[in-house]
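Structure, as structure tokens:
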Amino acid sequence: MHFYNHLDQENTVSVPVGGDTASFHSEIVSTFVCAYKACIYQAVRRKPSEVMSELSLPSVWRQKSTDTMAKAAKQRSTLQEYRSAYWKFNSDTRRAQYSMQVQVNDSLKKKKSTLCLLIDQLSTTHQAAIPVLKTLEEIKGTLEKELEEKERLLARNAERLGIRAQRPPQELVADEPQRQLLAQ
């Protein structure tokens with residue numbers, strides 16, 4: 001992924017959004033090296049006759065010097081643009097990383113405090129429920145004992161009614177004990 005165009009093209013830079021800082025840094029450094037090598041290559045590849053003609057005519061030498069200085073200034077400004085784009089990208093990336101880290105830390109602190117609060121509430125509710133549970137267990141035991149006694153009495157009354165039902169009809173009299181048995 002290229003982050004910018006080469007110097008021979010329009011001298012433009014396009015900085016990636018959310019890209020890798022190390023990759024962008026290596027691209028910038030390689031551009032600086034390429035520009036430096038291009039300047040040296042252009043200086044070395046000139047023929048001696050060109051150099052002699054430049055030295056022989058002061059106006060040509062002056063013009064070439066002016067052109068060279070203009071190219072150097074143009075490349076310097078381009079490199080400064082690249083450097084400023086790099087530093088801007090780097091500072092934006094660091095700022096974004098810092099703000100993201102702050103947000104994550106705040107979220108984790110909030111979650112931790114919420115969990116601690118929930119644990120405290122559950123513990124308080126549990127401690128409050130223990131006496132209620134003991135009371136309910138005691139009441140349950142009492143009710144079970146009373147129910148067993150009532151069932152025992154009902155069983156005895158059913159047995160007595162069964163015995164009375166087996167008597168001949170002339171012995172059946174609606175007396176007070178029979179009424180009490182039926183009422184129970």
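Structure notes:
- Scanning segment 60-99 for residues that are within 20 Å of GLU27 (Cβ to Cβ) and of a type in the set (Ser, Thr, Tyr) yields SER77, THR78, TYR82, SER84, TYR86, SER91, THR93.
- Evaluation of VAL44 against (1) surrounded by 10 or more Cβ atoms within 10 Å (Cβ to Cβ); (2) at pLDDT below 95 (one fails), failing number: (1)
- Segment 146-157 residues that are outside any helix (DSSP H, G or I), paired with ones that are surrounded by 10 or more Cβ atoms within 10 Å (Cβ to Cβ) and of a type in the set (Gly, Ala, Ser) (beta carbon under 7 Å, 6 or more apart): none
- Per the conditions (1) under 60 Å from the mean Cα position of the chain (by Cα); (2) not in a helix (DSSP H, G or I), the sole criterion not satisfied by ARG167 is (1).
- Boolean, ILE139 is over 25 Å from the mean Cα position of the chain (by Cα) and exposed (fewer than 10 other Cβ atoms within 10 Å of the Cβ): no
The values are calculated or read from the model by the stated rules, or taken from the named source; none is laboratory data. Since this is a predicted model, take the numbers as computed values, not measurements. So basically every Cβ, Gly included, is an ideal-geometry build from the backbone, and we count neighbours across all protein chains shown.
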